Protein chains: 2
Amino acid sequence: MHGYDKHAFEPFAVTVDLAVLTLRAGALHVLLVERGQEPYAGRWALPGGFLLPDESAEEAARRELAEETGLAGVSAPHLEQLRTYSEPGRDPRMRVVSVAFAALLPDPAEPHAGTDAAEARWTPYDAARDLAFDHDRILADARERVGAKLEYTCLATAFCPAEFTLGELQQVYETVWGAVLDRPNFRRKVLATPGFVEPVPGAARLTGGRGKPAALYRAGPATILHPPLLRTPREGRPA
Amino acid sequence: MHGYDKHAFEPFAVTVDLAVLTLRAGALHVLLVERGQEPYAGRWALPGGFLLPDESAEEAARRELAEETGLAGVSAPHLEQLRTYSEPGRDPRMRVVSVAFAALLPDPAEPHAGTDAAEARWTPYDAARDLAFDHDRILADARERVGAKLEYTCLATAFCPAEFTLGELQQVYETVWGAVLDRPNFRRKVLATPGFVEPVPGAARLTGGRGKPAALYRAGPATILHPPLLRTPREGRPA
DNA sequence: CCAAAAGTGTTTGCGTTACACCCATGA
DNA sequence: TCATGGGTGTAACGCAAACACTTTTGG
């Protein structure tokens, strides 16, 4: 146990895989890349890559994200470690242990200016099926995690630009949860939580081109949401 | 990206580390092993070990747990993957990426019948300090995760034996949270959650030697707790 | 009879829901 | 002036916190 005999352990390849999520046109999208080589050549996959000798998994994830999106370094998007996938057969060629992350970006992320030749594309979550390796599972885990974390953390702001309206923030919840929230109640709940959002004094912006300009807010320092904003399936029948 | 050139990646050692938690005498305890070799010789550490060539991290964790406690295979304790620690300097000798788990056991787990010569010992959580490597951090993360998961999952039963009383279940919450809960309200909440616990018909047991015998319950099939059982800081004297 | 622990009942208050209404802007 | 989206107010309901009370055991 924790011995250091060079033959006491098997060498593994360690990679990171990224479920890069954003919201565009009112739907959850994920960044996929097309594989150029076997196995799974021609199939879509989550972006990812090997850990370099002197970087942590988090650093590798941030580097891959920057390479893949071309801009991620600037806005420092939210990175969330999901879990590590280590089933022996998950890569048909060799033993690969993969640390999976979810990355949350505000919409206007440039489509894909990847340094790699492989094509990269924003894909609606519901259309991302039959991915390479166990990436279907990783992507499903990412969505589940993000959906759950919206309930009891302030994570939703990670999908918003630096300055956003409460309507935009509400759309994050409604899109990820597939539910409809009551605007007045949502507003109260968010504003009643200290440190969730901070008003940008005097600023306002039109959202849909029409309507009253909305006040702008910035993400606050709070990270946990207490009491939580529960995902109440308010659809269909009034009980 | 996901290329297979043998020199495209650096080989890493992959290990699992285990925060094995239980409740004894009304306090959270963790299983620690004393290291026999450098680095950190003589220091206490979380049990763990290298992944074997053909096992997943989960399988390795279960194997180590069985080796360390001598009984874990029978009761199949709850295993929870925490996260993966991969900072380059976390092991002074070599590059080790470690997948950390929390394991939750009912109290009467035999102290330690480890196959290794190294001593193993149940230690109160508050006394587990200055561990080897980054194990202080891993242990703190484990406690945080377990505390949080009690709120919105049915995880608490993992600390209980197969049949338990509601009073014992309540003590799990009170011990992990360091809070005092109202017994009637706790009872109602638990019984009102479908699938959290199932009554054992006719069975009853005395708990403190005195008092009315309590009805016995088994863990039910439910895994998530909705609405959650919130950790409300209600002032009470700590036991 | 007393202490201790399980279990039941009931009141009260706060948080949330649901919905009515007003404001500001573009077309 | 209408449609659209932002923002305010408020009544009603429901859950859950708080606590009084009963039950069953050992000493």
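The values are calculated or read from the model by the stated rules, or taken from the named source; none is laboratory data. This structure is a prediction, so every number in the text was calculated from the model and none was measured. Ideal geometry is used to build each Cβ from the backbone, glycine not excepted, and the neighbour counts take in all protein chains shown.
Per the conditions (1) away from DNA strand D (no atom under 16 Å from the Cβ); (2) part of a loop (DSSP other than H, G, I, E, B); (3) on the phi < 0 side of the Ramachandran plot; (4) away from chain B (no Cβ under 14 Å), the sole criterion not satisfied by A:Pro92 is (4). If the condition is being within 9 Å of chain A (Cβ to nearest Cβ) and assigned to a loop (DSSP other than H, G, I, E, B), then the stretch B:40-64 contributes B:Tyr40, B:Pro47, B:Leu51, B:Leu52, B:Pro53, B:Asp54, B:Glu55, B:Ser56.
Taken over the stretch A:18-51, the criterion of being under 30 Å from B:Glu87 (Cβ atoms) and hydroxyl-bearing (Ser, Thr, Tyr) is satisfied by A:Thr22 alone. Test B:Leu79 against the stated conditions and say whether it is closer than 20 Å to B:Ala140 by Cβ, buried (at least 22 other Cβ atoms within 10 Å of the Cβ) and under 17 Å from the mean Cα position of the chain (by Cα). Judged against the criteria, B:Leu79 is not a match. May I ask you to verify whether A:Lys212 is more than 19 Å from the chain's Cα centre (by Cα), within 14 Å of DNA strand D (Cβ to nearest atom) and surrounded by fewer than 11 Cβ atoms within 10 Å (Cβ to Cβ)? Yes: the conditions hold for A:Lys212.
Answer with yes or no whether B:His29 is in contact with a Pro (Cβ under 8 Å, 6 or more places away or on another chain), at pLDDT 90 or above, away from every other protein chain (no Cβ under 12 Å) and under 30 Å from A:Arg145 (Cα atoms). Yes, satisfied. Of all residues in the stretch B:168-209, those that are basic (Lys, Arg), in contact (Cβ under 8 Å) with a residue 40 or more places away in the chain and either near DNA strand C (Cβ under 10 Å from one of its atoms) or at positive phi (or both) total 1. Listed conditions (1) under 30 Å from A:Gly49 (Cα atoms); (2) more than 16 Å from DNA strand C (Cβ to nearest atom); (3) touching a residue at least 60 places away in the same chain (Cβ under 8 Å) are all met by A:Thr153, apart from (2). Screening B:Val33 against (1) in contact with a Gly (Cβ under 8 Å, 6 or more places away or on another chain); (2) over 18 Å from B:Asp134 (Cβ atoms) leaves a single unmet condition, (2).
The single condition among (1) more than 10 Å from DNA strand C (Cβ to nearest atom); (2) aliphatic (A, V, I, L, M); (3) in contact with a Leu (Cβ under 9 Å, 6 or more places away or on another chain) that B:Ala214 does not satisfy is (1). Could you please let me know if B:Thr165 is without any contact (Cβ under 8 Å) to a residue 60 or more places away in the chain, surrounded by 17 or more Cβ atoms within 10 Å (Cβ to Cβ) and assigned by TED's automatic domain parsing to the domain that holds B:Ala60? Judged against the criteria, B:Thr165 is not a match.
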